[in-house]
Structures are given as C-alpha cells and as structure tokens.
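Contents: one structure, followed by commentary.
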Amino acid sequence: IEIYKLHVDSKVTSRFAHTLITSKIVNRAKESKEVTFEVELPKTAFITNFSMSIDGKVYPGIIKEKASAQKEYDTAVSRGQGAGLVRITGRKLERFHISISIAAASKVTFELTYEELLKRQLGKFELLIKLRPKQLVTHFQIDVHIFEPQGIRFLETDSTFMTNELTKALTKVQSETKAHILFKPTVDQQKMNPELKENLLNGDFVVRYDVKRGATAGDMQIVNGYFVHYFAPHEMPVLPKNVVFVIDRSGSMAGRKIEQTRDALLKILQDLHLKDRFSFITFNSKVVEWKSSLLQATSENVASAAGFVQTISASGGTDINRALLAAVSVLDKAERLPEMSVSMIILLTDGQPTSGESNLEVIQENIQKAVNGKYALFCLGLGFDVSYKFLEKMALSNEGLARRIYEDADADLQLQGFYQEVATPILMKIEMRYPENSVEGLTKNNFKLFFEGSEIIVSGKISNELDLLPVEIKAQSHTGGLTLREEANVKEKEQVFQNQSYIFENFIERLWAYLTIQQLLEKSISAQEEDQKILEAKALELSLRYSFVTPLTSMVVTKPHDQQQMELANKPTEAG
C-alpha cells in the first residue's frame, strides 16, 4: 500500500481556518488490501466534508441529525456497533480513522475538510497541523495561506520534527497582510536515515502569528452582509485581582499530583501583582482556610503563603461543596477591596465529591446561589477521575470556564499556563452595542471579563442596506467607565476581500455559524432542560444548514457494497 500523495491545504482568512487534507493511495499488491486514512485534527474544529473516491467512483459523507444517523446505522449494521470514526487523542486533538478494502492495482483518494476559528491565547493565534504518514510520501506538502486585513504583526513556524535537512524544504513569504508557508520535503529529506524507509515526519507542525491593532474600538470586517468584529485592547493597565485558590488535598492527590500542585502554586505566587489580594483554602473532608481574610500580595505575605503551600499534604475525602462555599464567603466578607478589581475563585480538584454534599446538581445550585453573578469561578480538573461535565457546568454557570489538566510530567506547567491566561484582566463588564434595527443573529455581545492577550469576537448579519455600521463599546477599566465608538463603511469593508483568489467567499457567514453553534452548545451546558432543548434545536439547524459535524450531528459514510456498508463520524466532547 503506497501513499503517493499527501497534501494539507490551509487557508486562514481573518482567523477563520479552512483545512483540506488529501491523501492518494494505491494498492500495488496482487490481491485486495485494507487501506487506512487517519488524520488528527484540532478538537476545536468542526469537520465539514469527507469523501472517498475509489477508481473514480465517489463515496461522499453525508451530515445528518445524530439520532436519525444512529438509527440508520443500527438498521444497516446488524452485527453490533462499530467504534465510530472519530476519537479524542490527547490534549488538543481528535483522530479521524477509516479503513476500506480495495482491489489489486486500485487507487483511492480520501479528502477531509474541517474549519475552525483560531482563538487568541497569550497574544497569539495558533494553527496546529498534526502529521504521521508512517511511510515516505512521494508528493508531500503543507500549504498555508494567511490573509489578515489588519496586517500581520509577527509570524513563526515551529515543529517537533525539524532537522537541518527538512528546514531547506520550508519556505515563508510574507507581506503586510498576507503570508504563504510551504513545506515540501522530498523523499530523501523525509528519511530518518538514508538506509531506512522510516519517515521523520511524525508530530506537530505549528504556525503562530498575531495581527496589528490600530483602532481602539477594534476591527470590523464585512462580507456578503455578514460582519465580524474583533476587539483586543492592549497596553492598558491590569486590574487588581482578588483571588481565592481552592485546592483539593484528598487522598487521591497524594504523590506526584500534590507535588506538582505545590510547584505550580509556588510559581503562581511569584506572579501575583502587589495590588492583588489572595488567599488559599485547602480541602479534603475538612475545609482549612489559610487565613480568615484576603491578604495583599506583599513580599512578606507571599513568602508566608509559600511556607503554607509547602506544607500541603494529601489524605482523606473530598468536600467540594463546603470548600467552594467557604471561598465565596471569604470574598463576601472582604473589606476595602479596590473598587475596580476583579474577584475570582480558582478550584483545582482531581475527583468526585465524596464527603459532605455529594449530589452534583445540589452542589451546582448551592454554588450558583452563593456566587450570584458576583465572582468568576474557574474549575480545573486534574486527570480523568473528575466529572468534567460537572466542573464545566459549574464554571459556565458562574462566568468562568473549565479546563482539563493532564496527568503528565508537565501538569505544573499546565496549571501555570492556565493561571497566566486569567492573571491579567484589563476590562470588566464589556458590552458591544450595534444598531438593533439593522443587525440580527448577533452572537454573544456581553462579556464579564477581558484578559490581556485574548480577543473578543462578535459576529452578526446586517439586516438592511446600511452604508455605515456603528458600534459602541462600554466597559469598566482601571479608571472607571470607558466608552469607545467606531463606525465601519460597509462598501469599503466589503472591498477588502474582493479579488482575493484564495478566500472562500462566504467565510464570515461560516465564521458566524461556527461561533453561534459553539456559543449555543456552551450555553446549553448550564441551561435548564426546556431552554436546553431550544438552544440545541437552534444549534442543530445551523449545523445541518452549514454542514458541520458537531455534538448534535453525525456524518454517515457509506462504503463500497462488498464491505461493512456504513460508518459514523461523531464529534467527541471533553465531557464524554
């Protein structure tokens, strides 16, 4: 079985990435052989298209509502359920895997397309391409085109497998607003050593970049009546934080986990700003408050806290409910907090509640009632024994987010990395306002916090013939209320994307659909049952209309008639 062509083509237009992977394979044997197409793609992406072409006959994947696809599959495949074509693999990726049998001398072409909106983290966007062809490929290339009308501020590529020889196969061409990256190694360059047929290309190929930012009220882009608005103020003073760290020290945290937690907390303590206030609560079946109130992050208090952190040891049960209620109480009782400051609770746990209140729904209700919209709750789940669904629902119900921390050698770095993302709030209570009578289908436009290095994205549809699209941004900054205004000239903005040969013309509409689906699904996690159904119905309608494989849809792939006829591609989620 020879893979004679493997192409990865990525077009990134204004953060929206459209990636097509093409693999051409020939069976050089004298009898039928099994051929496998395996691709790893980012978890944040939605598959939009898949097809196999065997000796010229095309077998397309068809996207349907999940339950009806499952029913169709169950009817067609009597001998039990297959494994499904998509599985989560590791931290950032999921794997699409399909095998078919092809006759001697037959050729097959696989094509998989997926789309994602690149998310700005710590000041950069990242396009991740994972490679593992497992054999030398005659025609191999990665072709990335980036177009950012705001201008490209910096661009870098990185990979886990580069050698001096492979570097020669990489070219980068960059102008003010465009970049082209081509990686086209020959068979000889792909070899681990000249004698062996092993391929060096095994790992991540990453493109990182950021855009230039001029206008204070962000940047507006418009195509075919849809707009997207990017807002990422920079060089603004950081707001002081009031943060309570709630750390699980139950028996399951013993050993390496608690050591890594201590290491991470010691580093995080060094990163606190003088104006921050902080405290620690540790818990097993008992809840221990380091101090009864928040302390300012002076060098003495930080040193005292470091001493406390070094004494944290693990044993006993897990009373998440009481620990979080204690954290809320510390913030509620805090006096003389700076008026423009951000209060947050960061929970780290590795398991299920086993002491005190153990009903997950009751805990969620208790915490939501206590927090009452005043504070942001971030939930970090260490390892796979946590109920991620529970942590995610609790965080999203309280204006925060959940993150899984993987039990690896770098768990402490993952914890620090997460803290860095939330360490620098620069705006609170951000509201993005557009004219109500001329914009519809608006994505989320109210945000509790904005952190340095991230980006707010709002998208919508311009419903009538507007010449100018005005926007007003209201927010709270270090000095108090802030109002920014801007207006976009619709015709001029539309002009920017015309005559760009490699731009798929309705990209902002697809970006709008992608963002709307993501937000509807996120909202449904913390919604009541009736609301959940309404949100999911909307997300399903959009997933089908724009052909995205989301947690509500499945792609049905039909194979040649002499094989197990049907396979399903579902979208796995972190909560399982």
Check: What's the number of the condition residue 486 fails, among (1) touching a strand residue (DSSP E or B) at 6+ places or on another chain (Cβ under 7 Å); (2) under 30 Å from residue 254 (Cα atoms)?
Finding: (2)
Note to self: If I ask for residues that are on the phi < 0 side of the Ramachandran plot and among the polar types (S, T, N, Q), which ones from the range 12-47 would you list?
What the structure shows: 13, 19, 22, 23, 27, 32, 36, 44
Note to self: So, in the range 433-452, exactly how many residues are in contact with a Leu (Cβ under 7 Å, 6 or more places away or on another chain) and in a helix (DSSP H, G or I)?
What the structure shows: 1
Item checked: Within the range 460-576, strands (runs of 3 or more DSSP E) holding 3 or more residues that are open to solvent by 30 Å² or more (accessible area, probe 1.4 Å) and either at pLDDT 90 or above or of a type in the set (Asp, Glu) (or both) -> 468-477, 480-489
Next item on the list: Among the residues of the range 440-451, count how many are over 17 Å from residue 400 (Cβ atoms), open to solvent by 30 Å² or more (accessible area, probe 1.4 Å) and touching a residue at least 60 places away in the same chain (Cβ under 8 Å).
Entry: 1
Checklist line | Among (1) assigned to a loop (DSSP other than H, G, I, E, B); (2) within 30 Å of residue 485 (Cα to Cα), the one test that residue 194 misses | finding: (2)
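Between 236, 192, which is over 24 Å from the mean Cα position of the chain (by Cα) and free of Cβ contacts under 8 Å to residues at least 24 places away in the same chain? Can you show your working first?
Values: 236 fails: free of Cβ contacts under 8 Å to residues at least 24 places away in the same chain.
The conditions single out 192.
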Check: For the range 371-417, what are the residues that are among the small types (Gly, Ala, Ser) and part of a strand (DSSP E or B)?
Finding: 376, 381, 402
Item checked: Residue list for the range 40-53, restricted to those being open to solvent by less than 10 Å² (accessible area, probe 1.4 Å) and either of a type in the set (Ser, Thr, Tyr) or under 18 Å from residue 141 (Cα atoms) (or both) -> 41
Notebook entry, point to check: Does any residue of the range 169-183 turn out to be touching a residue at least 60 places away in the same chain (Cβ under 8 Å), outside any strand (DSSP E or B), small (Gly, Ala, Ser) and crowded, with 16+ Cβ neighbours inside 10 Å?
Noted result: no
Notebook entry, point to check: Can you tell me which residue in the range 1-14 is farthest from residue 46 (Cα to Cα), limited to those that are in a strand (DSSP E or B) and open to solvent by 10 Å² or more (accessible area, probe 1.4 Å)?
Noted result: 2
Check: Can you pull out the strands (runs of 3 or more DSSP E) entirely within the range 245-359 that have at least 3 residues that are in contact (Cβ under 8 Å) with a residue 40 or more places away in the chain and in the same structural domain as residue 408 (by the TED database)?
Finding: 277-283, 342-349
Check: Do we have residue 405 as crowded, with 20+ Cβ neighbours inside 10 Å and assigned by the TED database to the domain that holds residue 263 here?
Finding: yes
Item checked: In the range 135-152, the residues that are open to solvent by less than 30 Å² (accessible area, probe 1.4 Å), modelled with pLDDT of 95 or more and within 28 Å of residue 191 (Cβ to Cβ) -> 140, 141, 142, 143, 144
Note to self: I'd like to know if the range 96-107 contains one or more residues that are open to solvent by 60 Å² or more (accessible area, probe 1.4 Å), closer than 15 Å to residue 565 by Cβ and not assigned by the TED database to the domain that holds residue 404.
What the structure shows: no
Checklist line | Those residues of the range 444-469 which are out of contact with any Asp or Glu (no Cβ under 6 Å at 6 or more places or on another chain) and over 30 Å from residue 418 (Cβ atoms), in sequence order | finding: 460, 462, 464, 465, 466, 467, 469
Check: Which one of 304, 252 is among the polar types (S, T, N, Q) and within 30 Å of the chain's Cα centre (by Cα)?
Finding: 252
Check: Of the numbered conditions (1) free of Cβ contacts under 8 Å to residues at least 40 places away in the same chain; (2) more than 25 Å from residue 93 (Cβ to Cβ), residue 213 satisfies every one except a single condition; which is it?
Finding: (1)
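The values are calculated or read from the model by the stated rules, or taken from the named source; none is laboratory data. In this text, all values refer to a predicted model and were calculated from it rather than measured experimentally. Cβ: placed from backbone, ideal geometry, glycine included. Neighbour counts: every protein chain shown. Accessible surface is based on the protein model in full, side chains and every heavy atom, while ligands, DNA and RNA are left aside. Shrake-Rupley method; radii C 1.70, N 1.55, O 1.52, S 1.80 Å.
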